[in-house]
1. Which three numbers, in whole Å and largest first, are the semi-axes of the equivalent ellipsoid of segment 26-66 derived from its Cα gyration tensor as √(5λ)?
2. In percent, what relative contact order does the chain have, based on Cα pairs under 8 Å that are 6 or more apart in sequence?
3. Sort 8-21, 50-63 for me by packing, meaning the mean count of neighbouring Cβ atoms within 10 Å per residue, highest on top.
4. With only alpha-carbon atoms counted, please give the Rg and Dmax of the chain, in Å.
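All of the numbers you see were taken from the coordinates with simple rules; none came from a lab. From a predicted model like this one, the values you see are computed outputs, not experimental measurements. With ideal geometry, Cβ positions are generated from the backbone for all residues, glycine too; neighbour counts draw on all protein chains shown.
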């Protein structure tokens, strides 16, 4: 899976399986994203390539930790 914040790809998570109809857990990724504008931001998980398949039995969770902006001066 590719992880997007806005239109920017910020991370990738991968797993390999060769059994038919298999559902495996993806490993966690922890991308740190800078210069995100204030307000609502779109986060999207998208398939990595044409061989990546998902269905109604696959679930994902995204957790966002917002850190305070540093003030200069």
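1. 24, 12, 11
2. Contact order relative to length: 34 percent.
3. Listed from highest to lowest mean packing, they are 8-21, 50-63.
4. Using the Cα atoms of the chain, the pair Rg, Dmax is 15.4, 59 Å.
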